[in-house]
Amino acid sequence: MLSQKDNELLCRVGPGTAMGDVFRRFWNPVLPASEVALPGCRPVRLRILGEELVAFRDKSGQLCIIEEWCIHRRVSLALGRVEEDGIRCLYHGWKFGCDGTVKETPNTKNTNIRNHLRARTYPVREAGGLIWTYMGPPDKQPPFPHWRFMDIALSNLIVVRLDSGSNYMQVLEGGADSSHVGVLHSNFARPGWMEGEFNANPDDDNPTALVSGELAPDLEIEDTEFGFHYAAVRPMTSQDGNPMHNVRIVPIVMPSTRIIPSRAMQTVLFEVPIDDENTRTISIGFRIDGGPFDMDKYEELRGRKNPALVDQTTGRYLGTWENHFGQDRAAMEGNWSGIQGVVMEDLAMSMSPGPIVDRSGEHLVGADAAIVRARRQLLDSARRTQSGQDPIGVTADLSKVIACDETVPTDTRWQVLAPGHKPRQKDH
Ligand code: FES
Ligand SMILES: [Fe+2]
């Protein structure tokens with residue numbers, strides 16, 4: 001459980017909040033690059049960490065993120081004219097550069113006013129099929145992170161965003177929770193669950209395809225430079241009868257990212273707070289060998305192509321109590337959840353308690369240890385940031401961070417499967 005005070009500290013991310021300050025110390029992805037692909041294209045409205053912003057690519061090709069509301073009389077710059085070197089407000093023609101400078105103010109003869117005003121803008125980068133921004137203090141800007149997926153051909157990355165109506169931590173906690181995979185996702189994880197049998201799902205691309213029917217994996221956790229990683233260890237027997245361990249390693253990267261393994265693929269999931277009660281999940285899927293993938297199969301497993309549950313234009317998840325998150329009770333005779341698709345099952349769980357869950361009523365067990373650790377490193381980081389220190393993981397090297405799902409002899413140390421994960425120094 002978590003006290004209500006700590007729950008507030010954990011969940012509030014707007015300007016001026018302690019956890020908001022933690023998130024603002026990192027480069028965060030905010031949208032797929034395909035949404036602002038062409039110079040001069042339609043500006044995109046963004047809400048990130050409770051701030052209203054506009055992303056646009058000026059006609060020279062430069063990417064910009066600017067506060068949405070024009071500093072003259074606060075109309076939306078998302079309706080503005082995109083020009084060669086900035087954006088011009090439609091209302092009275094004030095023009096802003098990507099650094100926030102006021103370039104023209106045609107409705108006043110007082111040209112001096114430009115020198116005293118500046119629009120709020122944030123540094124922007126494009127990498128790995130995503131647009132990233134840094135919203136923290138300029139003097140604390142960390143090096144731009146290099147993730148492993150940035151080395152893979154863009155055409156072999158699956159970049160998807162999905163916005164849903166709960167606090168970021170509810171979505172992240174689903175990802176730091178290995179023990180739900182064999183239960184909530186029974187249809188995929190244990191295809192023989194109806195008969196009480198375990199038949200391993202042979203699909204190497206499927207992150208819920210467990211090779212062991214063990215529902216209570218041992219969890220081993222270790223702090224790392226980037227946050228922590230945990231191994232869910234499930235005993236099993238090899239084909240020739242030897243005892244083995246199936247090991248699924250999931251890294252939890254500060255502030256709110258995880259990598260989920262399948263045997264052949266990795267999925268990096270960023271839970272980016274839109275505000276306290278909404279979360280933008282940006283996921284990057286790729287094959288470990290960097291090769292092409294079957295997009296239709298990938299999406300069918302996740303259930304995101306169902307227009308009743310995901311607005312295919314805006315990328316907004318539409319599950320609510322009004323539509324029971326798409327649950328079909330009659331189908332539950334043969335379908336564990338009555339909900340089609342792994343991501344749709346996960347979102348029903350994260351949204352069912354309402355936008356901010358009251359964690360003071362929980363009764364945690366050993367299988368929840370990774371969730372406890374995820375909360376603790378965020379709360380520690382909030383306290384560190386408030387006292388002038390750096391949050392955990394802010395300068396970590398992410399280039400060798402991986403997830404893995406492998407079966408090894410019982411005497412193998414699981415850490416050798418992720419040799420690029422450096423243990424955290426003591427002072428953190
Ligand atoms: S409100 Fe933007 S120029 Fe007047
Ligand atoms: Fe899940």
Problem set entry | Difference of contour (0.36 nm per residue) and Cα-Cα distance, GLN415 to THR111 | 103.2 nm
For this session: Specify the inter-centroid distance of the stretch 239-318 and the stretch 133-212, based on alpha-carbon positions, in whole Å.
Result: 3
Exercise. Computed over the Cα atoms of the stretch 1-55, what is the ratio Rg over Rh, Rh following Kirkwood?
Worked result: 1.14
Seminar exercise, completed: Here the Cα Rg-to-2.2 N^0.38 Å ratio for the stretch 3-115 is 1.25
For this session: Give a quick list of trypsin sites (Lys or Arg not before Pro) in the stretch 331-428 that DSSP marks as loop, anything other than H, G, I, E or B, with at most 11 other Cβ atoms within 10 Å.
Result: ARG413, LYS426
Exercise. So if we plug the beta-carbon distance of ASN199 and ARG125 into 1/(1 + (r/R0)^6) with R0 = 60 Å, what FRET efficiency do we get, rounded to 0.05?
Worked result: 0.85
Problem set entry | For the chain, calculated [θ]222 nm from helices alone, where every DSSP H run of n ≥ 4 adds -39500 (n - 2.57) | -4500 deg cm²/dmol
Seminar exercise, completed: Computed over the chain, protein heavy atoms only, probe 1.4 angstrom, the accessible area per residue in square angstrom equals 44
Exercise. Can you give the relative contact order of the chain as a percent, counting alpha carbon pairs under 8 Å and 6+ residues apart?
Worked result: 19
Problem set entry | Portion, in percent, of the accessible area of the stretch 1-145 that falls on carbon or sulfur, probe 1.4 Å | 49
For this session: Once you have all Cα-Cα distances for the stretch 266-422, histogram them in 5 Å bins from zero and send the whole-percent values.
Result: 1, 6, 10, 15, 17, 17, 16, 11, 5, 2, 0, 0
Problem set entry | Distance between the stretch 361-405 and the stretch 25-65 - C-alpha centres, whole angstrom | 28
Seminar exercise, completed: Projected area averaged over all directions for the convex hull of the alpha carbon atoms of the stretch 206-323, nm², comes out at 10.5
Exercise. Cα-Cα over 25 Å: which of LYS297/LYS400; LYS59/LYS103; LYS297/LYS422; LYS140/LYS426?
Worked result: LYS297/LYS400; LYS297/LYS422
For this session: Mind jotting down a quarter of the surface of the convex hull over the alpha carbons of the stretch 280-332, in square nanometres, one decimal?
Result: 5.3
For this session: Find, among the GluC sites (Glu not before Pro) in the stretch 75-143, those assigned to loop by DSSP (not H, G, I, E, B) with at most 12 other beta-carbon atoms within 10 angstrom.
Result: GLU84
For this session: Would you kindly state how much longer the chain becomes between SER352 and ARG74 on full extension, computed as 0.36 nm times their sequence separation minus their alpha carbon distance, in nm to one decimal?
Result: 96.5 nm
Exercise. For the stretch 147-281, taking Cα atoms only, what is the radius of gyration to one decimal and the Dmax to the nearest whole Å?
Worked result: 16.2, 52
For this session: Report the convex hull volume per residue for the chain, counting only C-alpha atoms, in Å³.
Result: 151
Exercise. When the accessible area of the stretch 148-417 is computed with all protein chains present and a 1.4 Å probe, what percentage of it is carbon and sulfur?
Worked result: 51
For this session: List the residues whose amide H sits under 5 Å from the amide H of ILE131, counting only those 5 or more places along or on another chain, with H placed 1.01 Å from N in the peptide plane.
Result: VAL30, LEU31, ALA33
Exercise. So, counting K/R as plus one and D/E as minus one, what does the shell of residues with Cβ under 10 Å around GLU52 add up to?
Worked result: -2
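The values are calculated or read from the model by the stated rules, or taken from the named source; none is laboratory data. If you're wondering where the values come from, they're calculated on a predicted model, not measured in any experiment. Every residue, glycine among them, receives a Cβ derived from its backbone with ideal geometry; neighbour counts consider all protein chains shown. Accessible surface areas use protein heavy atoms only, side chains included; no ligands, DNA or RNA. Shrake-Rupley method; radii C 1.70, N 1.55, O 1.52, S 1.80 Å.
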